[in-house]
Amino acid sequence: MSKVTYTSKVISALQKVFSDEEPRFLPECNVLTALKNETVSFQVAYTSGNSHITYGRIEVESPISDSIRVRQVVEVPSSLCCHPMVDDNYLRTRPGLYPDLLRDLEDGKITYVAGHWQSLWVDVRVSEDTPAGTHPIVIKFLDSHDRELSRGETSVTVFDALLPEQDLIRTEWFHGDCLADYYKVEVFSPEHWRILENFIAAAAKRGINMILTPQFTPPLDTAVGGERTTIQLVDVRLREGEYAFDFTKLKRWVDMCQRVGIKYFEMSHLFTQWGAVAAPKVMGVVDGEYRQIFGWETPAVGGEYTRFLQVYLPELTKKLKEWGIAERTCFHISDEPSLGQLESYRAAKESVAQYLKDFVIIDALSDYEFYKSGLVEKPVSSNNHIHTFLEHGVRDVWSYYCTGQYDKVSNRFMSMPSARNRIYGVQLYKYDIEGILHWGYNFYNSQYSLRHINPYEVTDAGGAFPSGDPFLVYPKWDGTPEESIRMMVLYQAMTDHRAMKLLESLTDKEYVMELIEGDLSAPITFDTYPKSDMYLISLRNRINREIAKRQ
């Protein structure tokens, strides 16, 4: 009988391990350094030559083992993994299983699937109290009798420098209605509040510091004439033609979000998506009856909804100022208006402008004409159109990407290399981008919210958007989120950005840019950048060492 072989190898966090493909071993990508106040990651890939399933477990040996978390990388199904048009920077372009979900191990237990490659995701949480120096880490693979089968050995070098707080504003749109739908709980019931807090806290932990706040049910990805599950923080009453408002739930939301680390708030859109032609769904008690007051049938401007906003907005903004968050709150008019909808957008904006003069208004749009005409003070441009704004000298511009940004630019589709996710942090730093926006932290509906989905089974919004676009986290059975590879890689893009800002404070921008671009054949842009894992890992290690020299 031939001896069964068990193989394990340490690889970087930027390599995606598919079960049918042996991962590359690149020693230069396994150099791991960290500053204090961040989490760094690596992987250990493993397989066996056995002819059947076997079971084992892992043990961690390290002087900092209490700061180490090991999770299984789980492959998930992708039907729509990319659009028909792709560039040369995709891993795969066919439907199949893609590594994405990160799942905690139960008592360190693992399963060997014969001939399949799998990987463990290892996080090292480096706190202010973690000793500086190089710390060895061993991941031991044991069988059911505690006999060692293989091991993965590496180390992390911690520098005695504290990573500063993130100053980049980042929002991944939060869909509280999707959590109520998935867990089958009543909106704003005690259980729903518990789940909301779990998911918002997880977002804040990974660099999401702004939260989409559903003052009324957000009019996003909703079929014209259709509706999403009602989630409305502001209670409305209409009696004898007079409006009254109760902000109790909104205050609870604000307090909860601040408690778990959210700093900025964005109030949900005041008008419908794609042109601001109608009012969002607004529910209220009308002369004692709870019903819908406004919706698709309500013109955006000139009617009762305008009168409603004239009463509502002064009361809302007064509360935001009382709560001390006015300077950290922005408003939206309508999401992704096209140039042909400029006039309807203008009318909606002008109908509320006088009530929001003390607040920032941001909207995702990519046509420069909206900014040029003065309609938008803070444009949020897609990263495949942002150079138009930058070339015109627009300052404090924001960036976003979604399903439409699939050619050349950074994005987070499961079919893309992780380096294509992480390079975003470098690009944001170079161009002094103030904030970034994405529409899907936890969108668990099909396109247009026609039906609810199980994100463990459907990762592409029912065949609408490439897998990886609709959500970053999965809804675990216990009301907590399970993270994804993409969640962690984007978090590390944020920590790269923070490290660059720290080094800039110790030197200057030109010095940091020389580290970033000095050895490149062409400057970095949003669609031109190094595509290798080694570039990003080496760059971050150089930045860390440069910071350490100056401490």
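Annotations for the structure displayed:
- Helix 533-549 and the longest principal axis of the Cα set of the chain meet at an angle near 90°.
- Selected from Tyr424, Leu238, Thr47, residue furthest toward positive end of dipole (the chain; charges at beta carbon): Thr47
- Here the label points at Leu506 and Lys378, each 7 Å from Cα along the C-beta direction, are separated by 3.1 nm in the simple model.
- Kirkwood hydrodynamic radius over Cα pairs of the chain, then Stokes diffusion coefficient at 25 °C and 0.890 mPa s, in µm²/s: 99 µm²/s
- Phi-based couplings in Hz for the range 378-386 (Karplus 6.51, -1.76, 1.60; Gly and Pro marked x): 10, x, 10, 9, 5, 6, 8, 10, 5
- The string of couplings for the range 254-266 from the Karplus curve (6.51, -1.76, 1.60, θ = phi - 60°) is 4, 4, 4, 4, 5, 4, 9, x, 6, 10, 10, 10, 10 Hz, one whole number per residue in order, with x for Gly and Pro.
- Cα centre as origin, Lys/Arg/Asp/Glu Cβ charges: the range 146-292 dipole, Debye: 40 debye
- Residues His175, His497, His52, ranked from the fewest to the most other C-beta atoms within 10 Å, line up as His52, His497, His175.
- Whole-percent pair-distance distribution, where bins are 10 Å wide, for the alpha carbons of the range 367-479: 13, 39, 30, 16, 2
- Relative to the current alpha-carbon distance between Ala464 and Glu327, full extension at 0.36 nm per residue lengthens the span by 45.7 nm.
- Amide H contacts of Val187: none lie under 5 Å away among residues 5 or more positions distant or on a separate chain (H built 1.01 Å from N in the peptide plane; Pro and chain starts excluded).
- In a DSSP loop and with at most 11 other Cβ atoms within 10 Å, the GluC sites (Glu not before Pro) in the range 74-133 are Glu106, Glu128.
- The chain: angle of helix 342-352 to the longest principal axis, Cα-based, in degrees nearest 10: 70 degrees
- Our summary gives the range 124-169 a relative contact order of 39 percent, counting only alpha carbon pairs under 8 angstrom and 6 or more residues apart.
- Local electrostatic count at Ile453 - Lys and Arg +1, Asp and Glu -1, tallied over other residues with Cβ under 15 Å: -3
- Tensor-based shape of the range 18-69 (alpha-carbon gyration tensor, a/c under 1.5 rounded, otherwise prolate or oblate): oblate
- Principal axis extents of the Cα atoms in the range 429-493, from largest to smallest and rounded to whole angstrom, are 40, 27, 16.
- Volume of the Cα convex hull of the range 40-194, divided per residue and given in Å³: 228 Å³
- Take the Kirkwood radius over Cα pairs of the range 1-111, plug it into Stokes-Einstein at 25 °C and 0.890 mPa s, and you get 147 µm²/s for translational diffusion.
- Counting only Cα atoms, the range 98-167 measures 45, 29, 20 Å along its principal axes, largest extent leading.
- With Cα atoms, 0 to 90° folded angle of helix 485-506 axis to the chain main axis: 90 degrees
- Each residue of the range 48-62 was assigned a 3J(HN,Hα) from its phi angle through the Karplus curve 6.51 cos²θ - 1.76 cosθ + 1.60 (θ = phi - 60°); the sequence is 9, x, 5, 9, 8, 5, 10, 10, x, 8, 10, 10, 10, 10, 5 Hz, with glycine and proline shown as x.
- Rounded FRET efficiency, nearest 0.05, which uses the C-beta distance separating Asp287 from Thr134 and R0 of 56 Å: 0.20
- Applying a DSSP loop filter and a limit of 12 other Cβ atoms within 10 Å to the trypsin sites (Lys or Arg not before Pro) in the range 356-405 leaves Lys357, Arg395.
- Relative packing of 142-152, 117-127, 537-547, which averages over residues the other C-beta atoms within 10 Å, highest first: 117-127, 537-547, 142-152
- Taken as Cα centroids, the range 290-320 and the range 430-482 sit 29 Å apart, rounded to the nearest whole angstrom.
- The residues neighbouring Gly440, those whose beta-carbon lies less than 10 Å from its own, together hold a net charge of -2 under the Lys/Arg +1, Asp/Glu -1 convention.
- Part-to-part distance (alpha-carbon centres) for the range 14-43 and the range 79-99, which is given in Å: 22 Å
- Dipole of the range 428-551, positive end: most advanced residue of Ile436, Leu503, Met488 [Cβ charges, Cα centre]: Leu503
- Rounded to the nearest 20, the Cβ-based charge dipole of the chain about its Cα centre (Lys and Arg +1, Asp and Glu -1) stands at 580 debye.
- Label-to-label distance, Ser65 versus Leu515, with points set 7 angstrom from Cα along the beta-carbon direction: 3.4 nm.
- Projecting the Cα atoms of Ser382, Val260, Ile547 onto the dipole axis of the chain, where Lys and Arg carry +1 and Asp and Glu carry -1 at the beta carbon, places Ile547 farthest toward the positive end.
- Charge dipole magnitude, Cβ of K and R +1, D and E -1 - the range 34-152, Cα centre, debye nearest 20: 300 debye
- Projected over every direction and averaged, the convex hull enclosing the alpha-carbon atoms of the range 455-551 yields 8.9 nm².
- Placing a pseudo-label 7 Å from each Cα along the Cα-to-Cβ vector at Ala114 and Glu227 gives an inter-label distance of 5.6 nm.
- Taking other residues whose beta carbon is less than 12 angstrom from the beta carbon of Val40, and scoring Lys, Arg as +1 and Asp, Glu as -1, yields +1.
- An ellipsoid equivalent to the range 341-420, defined through the eigenvalues of its Cα gyration tensor, has semi-axes of 28, 13, 12 Å when rounded to whole angstrom and sorted largest first.
- Ratio of Rg to Rh for the range 157-202: 1.25 [Cα atoms; Kirkwood radius as inverse mean 1/r over pairs].
- Among the GluC sites (Glu not before Pro) in the range 340-389, those placed in a DSSP loop whose Cβ has at most 14 other Cβ atoms within 10 Å are Glu377.
- Hypothetical label at Asp104: residues of the range 43-83 whose amide nitrogen lies under 14 Å (7 Å Cα-Cβ projection): 68-72
Computed from the coordinates by the stated procedures, all read-outs in this text should not be read as laboratory data. From a predicted model like this one, the values you see are computed outputs, not experimental measurements. All Cβ positions, even for glycine, are placed from backbone atoms using ideal geometry, and neighbour counts span all protein chains on display.
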